[in-house]
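Student: Quick one: the structure is below, questions incoming.
The values are calculated or read from the model by the stated rules, or taken from the named source; none is laboratory data. Note that the structure is a prediction, hence the values are computed from the model and not measured. Positions of Cβ are backbone-derived with ideal geometry, glycine not excepted, and every protein chain shown enters the neighbour counts. What goes into the accessible areas is simple: the full protein's heavy atoms, side chains included, and nothing from ligands, DNA or RNA. Shrake-Rupley method; radii C 1.70, N 1.55, O 1.52, S 1.80 Å.
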Amino acid sequence: MKDTLGLPMATILIIKDITRIKETELALKENECKTAELCEEAPYAIITLDDTGKLKSVNPAAVRMLGYGEEELTGKIFVMSEVVPTQHVQELLKAVRKALEGTHEPVFELELLRSDRTLLHLQANPLPIKQFQKTTAVQLILRDITEERRLQEELKSLQEEVESRFKHRLEEPEKSNQELKREIAKVKNVPGRS
């Protein structure tokens, strides 16, 4: 509305309280920072795959574990990379597919190749990452169990050796006993002995 001179007679001011929106944005940023910090400091390797299977991110533990630089890994289709041995591609694809469908897959064992081509035995925990109620990525949390596996094999080998020695030791008295019986029988059968 204007007066006779064409000047505004009143000003309408619309005010909307956006305090809650700003508080929510701040809380979200704080949460993102905490999550990123946890990922960076985690002792386990954390690999994030997008919905096409490309590596979106790796944490420092994954870089150390695999021996590749972050730039060498990110952007590649994970199951087609030199990191995943052929015999594990199908199992990994299945776990990623199920996680993308929103299903929480149980922890499974997986083998990956380091940059120096040594084999790592890992426990993999695939977790769906959701944004706005839609699964958009999968996070693989990897725990190195290579040393555990080696110790299990060594323990199994030692157990087999102990069992073999024990069996041999049990057989020794029986053999000695049989030999003694033969010797006694020989002595009894010697002519001139009564």
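Student: If I ask for residues that are β-branched (Val, Ile, Thr) and outside any loop (DSSP other than H, G, I, E, B), which ones from the range 106-148 would you list?
Tutor: Within the range 106-148, 129, 135, 136, 138, 141, 146 qualify.
Student: Among the listed residues 64, 117, identify the single one that is open to solvent by 70 Å² or more (accessible area, probe 1.4 Å) and at positive phi.
Tutor: Matching residue, one of 64, 117: 117.
Student: Name the one entry in 91, 111 that is at pLDDT 90 or above and under 17 Å from the mean Cα position of the chain (by Cα).
Tutor: The unique qualifying residue is 111.
Student: Which helices (runs of 4 or more DSSP H) sit wholly inside the range 1-105 and have at least 3 residues that are of a type in the set (Asp, Glu) and farther than 20 Å from residue 122 by Cα?
Tutor: Passing ranges, in order: 19-41.
Student: Could you please tell me which pairs satisfy a Cβ distance under 9 Å, a separation of 6+ or placement on different chains, a first residue in the range 37-62 that is without any contact (Cβ under 8 Å) to a residue 60 or more places away in the chain, and a second residue that is among the basic types (Lys, Arg) and open to solvent by less than 10 Å² (accessible area, probe 1.4 Å)?
Tutor: Here the result reads none, with nothing in the range 37-62 linked to a residue that is among the basic types (Lys, Arg) and open to solvent by less than 10 Å² (accessible area, probe 1.4 Å).
Student: Can you find a residue in the range 125-143 that is open to solvent by less than 90 Å² (accessible area, probe 1.4 Å), in contact with a Leu (Cβ under 6 Å, 6 or more places away or on another chain) and farther than 19 Å from residue 39 by Cβ?
Tutor: no
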